[in-house]
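Remarks on the structure that follows.
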């Protein structure tokens, strides 16, 4: 009888069973998703490091526009047509990201990301943006975001410069028919560059792996709680500890 009481016994509770059936797969899937994101970010960083070592090429002669490909362009900034991408925080300061229209020597248009400029936190005035004059050469890296930016909508603007939250290249190309399907993000040494400190990825692969470990740890903890709640394991452990104390 004593040996039977010392055996692990299940007393299944349907509420806890339903809970673990519903939650455990979610926790595990979130952990796996974070591991996949870590692999994607690692591949992105490797791709970035490989391309940034390539020699810069004239954007006007390219047939394809891979992200982070070093490139340069020769032409002229439009003195009036540019966007101020709103609410860009740089080292804790409020400002804008400047997207300018750049006319290449062959007449094509190119979106040029000049970087960040500080703005009026009260939002009453727009910053004064200096525009390089004449024909210049700008250099940086190609970039086109594949993410779909969420917006609650805004009033359609026609006057320049335009202040808005996001700028979609395809939307800009509808207005500028001969605009290239990519932007050039200027490096800090380029003509026309403002503050150009940028991150390749917002979340590092190591952080994604850390998040995955947290999700898996939560799944493991949930499994342990389920076992203790539905078995006499806690009683067995307490009994063993008492027996060991009695022997002492």
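Read the figures in this text as sums done on the coordinates, not as results from a lab. Predicted model, so just to flag it, every value in this text is computed and none were measured. Counting neighbours? That spans all protein chains shown, and the Cβs are built from the backbone with ideal geometry, glycine included.
Listing for the model above:
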| item | result |
| --- | --- |
| Stokes-Einstein diffusion coefficient of segment 1-131, Kirkwood radius over Cα pairs, 10 °C, 1.306 mPa s, in µm²/s | 76 |
| Percent breakdown of C-alpha pair distances by 10 Å bin, ordered from the shortest bin, for segment 69-186 | 13, 45, 35, 7, 0 |
| Förster radius 35 Å - calculated FRET efficiency between residue 53 and residue 91 (Cβ-Cβ, nearest 0.05) | 0.80 |
| Spin-label pair residue 129/residue 9, simplified geometry with 7 Å Cα→Cβ offset, distance in nm | 7.6 |
| Helix axis angle, 205-230 relative to the chain longest principal axis, alpha carbon, degrees | 20 |
| Helix 14-51 vs. the chain, principal-axis angle (Cα, 0 to 90°, nearest 10) | 40 |
| Protection proxy ranking of 94-102, 136-144, 118-126 - average other beta-carbon atoms within 10 Å, highest first | 94-102, 136-144, 118-126 |
| Mean residue ellipticity (222 nm) of the chain, computed from DSSP H runs ≥ 4 via -39,500 (n - 2.57), nearest 500 | -12500 deg cm²/dmol |
| Residue among 160, 14, 215 with the largest mean-square fluctuation in a Gaussian network model of the chain, springs linking Cα atoms under 10 Å | 14 |
| Order by protection proxy (mean Cβ within 10 Å, highest first), peptides 224-236, 183-195 | 183-195, 224-236 |
| Selected from 22, 30, 104 as most flexible by GNM, with the chain as the system and alpha-carbon contacts under 10 Å | 22 |
| FRET efficiency estimate (nearest 0.05) - Cβ-Cβ, residue 23 to residue 235, R0 30 angstrom | 0.75 |
| Nitroxide proxy distance, nm - points 7 Å out along Cα→Cβ at residue 46 and residue 170 | 3.0 |
| Angle between the chain longest axis and helix 233-247 axis [Cα atoms, degrees, rounded to 10] | 60 |
| Cα convex hull volume per residue for the chain (Å³) | 230 |
| Cα-based shape type of segment 41-98, given that a ≥ b ≥ c are square roots of the gyration tensor eigenvalues and the cut on a/c is 1.5 | oblate |
